[in-house]
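> Just passing along the structure, written as structure tokens.
Every read-out reported here was derived from the displayed coordinates using simple, explicitly stated rules and does not represent laboratory data. These numbers come from a predicted model, not from an experiment. Cβ coordinates were reconstructed from backbone atoms using ideal geometry, including for glycine residues, and neighbour counts include every protein chain displayed.
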Amino acid sequence: MATITSRENDPRQAMVLTATFCAGAFCTILGLAVILGWWFRFEPLIRILPHLAPMQANTALGMLLSGAGMLAWRIGWRRSAVGIGSAAALLGLLTLVEYLTGSQLGIDELLARDYLAVDPGRAGRMAPNTALCFLLTGSAIMLTGGSGPSLPAHISILSIGVVVTLFGAVSLFGYASGIDTSYWMGNLTRMALHTSIGFLALGGAFTLAKSVTIREAVEQRDRDKALLAKTMHELELQKFALDEHAIVAITDPSGVITYVNKMFCKVSQYRAEELIGKTHRVINSGHHPREFFVDLWRTIAAGETWRGEVCNRARDGSLYWVDTTIVPFRDETGRITQFVAIRADVTQSKKIEQDLRRANAELEEYVRTASHDLKAPLVTIEGFSGYLRHFIEVGYSDRALECVDRIQNASRRLKTNIDEMLELSRIGRTDQPPQAVDVHAMLQTLLSEFQPQIEKADADVVIEGGPAMVHCDPVRVEQILSNLLSNALKYGHPASGSARITVCTRPEGRFVRLGVADNGPGIEPEFRERVFGLFQRLDAGAQSSGVGLNIVKRIVEHYGGAAWVEKTPGGGATFCVTLPAGQATDTPSSTAKRETHDDHRAEAGSFSAG
Amino acid sequence: MITEQKPVHFLLVEDNQDHADLVRMSLEINNVTNTLDHVRDGLAAMAYLRNSGEYGGSKRPDVILLDINLPKMNGHEILEQIKADEDLKVIPVVVLTTSAADADRLSAYRSHANSFVTKPVDFQKFQNMIRDLNLYWTVWNQAPTHSHIPNG
């Protein structure tokens, strides 16, 4: 039961305080005055008017006790209130016992002789209804002082208040209507006029006080209910917000899932029914060692919160990463009742992290191989310079000249290497915005430029397919085409017969696929990836830097396409690239292209980034 | 004193023709009595060592001079294969490379390269190494089973 707070600020409470104080003070003074009336035989105080019933001295005592008891209650002297109340109740009780048993306990003329007595056998004895009222009023005062503020006590006191008020009111009504002569009524109106007014005041005060108290208790209960409802609602909203954001699961102490939210189902691709009743082993990816979960369980079983990143497996076999917090819930006795796991999907940031790591590794490899390839000509220059000195010293001018040739060649190669490396580093920093480029037309132009090499290689170059529009920087497209052509012309020679190079284009989804096929020795499957690596050469003797195909791969991937090698039907290698398809008018936005990147790589399954 | 000099047989695994010529010229200038076979990539090197394919009649080398950056199969892979082969692992391997990177160095030692030489930017140092190798083989030619090459 809620306790009533802030009495001072509540006008109803102020009214109750005033009413009970006035009633208590009135009855105290009334009782005292009538007792004095008896002592000094001053009848106006005893019976007010000569023809009315007198207030007995004991009644006056009861009234004094009741009034004082009420004052004590109001002031907060609880023990005094109980004592005084029990005295008043005892007075009423003993008088009733006298009536019921017809005995004489010698208490009736305790304070004063009843010199007005009509019936000598009952001289000084208060009326039975008055006695009953004192028993009730005394009990009520005892209750206020005794028990705590419990609802049954409040209701009892209220009931007593109503009954006492009724007794007083009926008696007063008897006086007012003048029907005191009838036996029954007369019996009732034997309660003195001022006694009935006293009871009316006492009963009224109790009724008022307790009805206000009970009303407030009810209001408090309603407020509590409303607060509870509001809290529940807020909790619902918070749960909703959490469910919108996080993956939530609840398990029993043994780890069996008892609840999963929608996000859990969405990310793991399992239905709730498939998860409830099982453990998290369903989504175990096998990524973490056993000790990882041993540590997790040790932490949460000890009642501590566990935090960590976990790799799980969705229904389709794909892996996802979740940033996980597991909180053990305990009951009042400290026993763990359930574990609540809240997770956030961090697969994307994990992927970025991994990409970054891979990019770093690539960069490291780049620097390593770049330094090697830059150093190689330097080693040559350095070495032959030494021999040059030696041959000059011993006077072998022919051999000295040979050394000078070597040094010059190495210097030229060094320059080429540096140029190519600079070219490589420019990819990604697109110098021109993508535009529609006709690969077919560009190939035709390139062929005339390549004529000397084609003649030198004694090759037959065929271009198949019609116009093919791609959406790229034209300079980059030209780089791709010339690198692939140059590659085919250098390495695409068959052991016997003449070289035949076929270039074909065809649309492939949102991409255009370009293939350059030769009829040369081909590339064994284990080297098909390596051939695109930076500074990778398969033919040791060839004059090649191992940069060209890597440039092709980087440009193509920059545009979201892929580069790979296939076997040419009938022998030889076919270098393939895909570039975003473009139309002269309607060009897809760059963001749309980016989204297609992963899809397309998945399609071009033969390709794998190193 | 050295009474009889058997020629030392080298296998040079090197894709860079200039570097191969540097080695050849150095041996020549230092009057090292030697024979030298040169292959350009790892596959060819393994075929040579195992007398397979076109290298059917190849001679077993006394020393392998191995470049690390090679096409098709890099030097580390070759080294691992040689040292995993009971027959070949006794042949001393000198790793030649332009890279002084620690990673390369460690990796080469893990695969039990007998010596590791950064390709000479210093001509004299390279000559010394070749001379040391030659001297070593002149003295120890009779017992090629226990291999240790002093670091050049």
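> Using Cα atoms only, what is the angle between the long axis of helix A:347-394 and the major principal axis of chain A, expressed in degrees (0 to 90) to the nearest 10?
Value to nearest ten degrees: 30.
> Above 18 angstrom, tally the Cα pairs of the range A:296-350 and express them as a % of all pairs, no decimals. Write out the running numbers ahead of the final one.
Details: 627 of 1485 pairs.
So the portion of pairs separated by more than 18 Å is 42 percent.
> Hey, got the dipole for chain A? About the Cα centre, +1 on K and R Cβ, -1 on D and E Cβ, debye to the nearest 20? Walk me through the numbers on the way to the answer.
Numbers: 61 positive and 65 negative charges, 477 e Å.
Dipole size: approximately 2300 debye.
> Also, I was wondering about something else. Translational diffusion coefficient, Stokes-Einstein: compute it for the range A:379-421 using the Kirkwood radius over C-alpha pairs as Rh, at 4 °C and 1.567 mPa s, and state it as an integer in µm² s⁻¹. Write out the running numbers ahead of the final one.
Numbers: Rh = 10.7 Å.
Answer, rounded: 121 µm²/s.
> Using the eigenvalues of the Cα gyration tensor, what equivalent ellipsoid semi-axes result for the range A:336-379 when each is taken as the square root of five times the eigenvalue, whole Å, largest first? Write down the numbers at each step before the final one.
Details: eigenvalues 441, 17, 2 Å².
Ellipsoid semi-axes (Å, largest first): 47, 9, 3.
> Further question on the same structure: Using 1/(1 + (r/R0)^6) with R0 = 51 angstrom and r between the beta carbons of A:W77 and A:I276, what's the FRET efficiency to the nearest 0.05?
Values: r = 62 Å, r/R0 = 1.22.
Once rounded, the FRET efficiency stands at 0.25.
> From the C-alpha gyration tensor of the range A:246-345, pull out the three semi-axes of the equivalent ellipsoid (sqrt of 5λ each), sorted largest to smallest, in whole Å.
Working: eigenvalues 93, 49, 25 Å².
Result for the range A:246-345: semi-axes of 22, 16, 11 Å.
> To make sure I understand the rule: partners must be aspartates and glutamates, Cα under 17 Å from the Cα of A:K278, and not fewer than 8 residues away in the same chain. Which ones qualify?
Within the straight-line cut-off, A:K278 pairs with A:D252.
> So what are the three principal axis dimensions of the range A:74-139 from its Cα atoms, in whole Å, longest to shortest?
So the three principal-axis extents are 42, 23, 17 Å.
> Shifting gears a bit: Kirkwood Rh, the range A:7-56, all Cα pairs: how many Å?
One decimal place: 12.6 Å for the Kirkwood radius.
> Next up: Size of the range A:1-156 along its principal axes in angstrom, Cα-based, largest extent first?
Extents along the principal axes, in whole Å: 54, 33, 23.
> Angle between the Cα long axis of helix A:11-39 and the longest principal axis of chain A, 0 to 90 degrees, nearest 10?
Approximately 20 degrees, to the nearest ten.
> Which distance in nm do the two modelled labels at A:L237 and A:L422 give, with both placed 7 Å along the Cα-to-Cβ direction?
6.4 nm
> Calculate how steeply helix A:290-301 sits against the longest principal axis of the alpha-carbon atoms of chain A, using the helix alpha-carbon long axis, and give the answer as 0 to 90 degrees to the nearest 10.
That helix lies at roughly 10 degrees to the long axis.
> Also: Let me check against my output: what whole-number percent is the relative contact order of chain A, with C-alpha pairs under 8 Å and at least 6 apart? Could the numbers behind the result be given before it?
Numbers: 964 pairs, mean separation 46.0, N = 610.
For chain A, the relative contact order is 8 percent.
> If you take the Cα atoms of the range A:420-538, find Rg, then find the Kirkwood Rh from the mean of 1/r over all pairs, what is Rg/Rh? Could you put the intermediate results ahead of the total?
Values: Rg = 15.1 Å, Rh = 15.6 Å.
Using Cα coordinates only, the ratio equals 0.97.
> Also, I was wondering about something else. At B:E28 and A:Q583, where each label point lies 7 Å from the Cα along Cα→Cβ, what is the point-to-point distance in nanometres?
Placing both labels 7 Å along Cα→Cβ, they lie 6.7 nm apart.
> Along Cα→Cβ, 7 Å out, is where each label goes; now give me the distance between the ones at A:I392 and B:Q17 in nm to one decimal.
2.6 nm
> Moving on. Residue separation times 0.36 nm, minus the C-alpha to C-alpha distance between A:R298 and A:A229: what's the value?
On the way: separation 69, 0.36 × 69 = 24.84 nm, distance 3.79 nm.
Here the answer is 21.0 nm.
> Follow-up. For A:K490, which aspartates and glutamates qualify as cross-link partners when the Cα separation must be under 15 Å and same-chain residues fewer than eight apart are set aside?
A:E455, A:D458, A:D460, A:D518, A:D539
> Given a cut-off of 45 Å, what percent of all Cα-Cα pairs of chain A lie beyond it?
Values: 110488 of 185745 pairs.
Beyond 45 Å sits 59 percent of the P(r) for chain A.
> Let me test this: with uniform point scatterers at the alpha carbons of the range A:351-426, what is the Debye-based log₁₀ I(q)/I(0) at q = 0.14, 0.25, 0.28 1/Å?
-0.59, -1.04, -1.15
> What is the Cα radius of gyration of the range A:326-483 over 2.2 N^0.38 Å, N being its residue count?
Values: Rg = 29.5 Å, N = 158, 2.2 N^0.38 = 15.1 Å.
Relative to the rule-of-thumb radius for its length, the range A:326-483 sits at 1.96.
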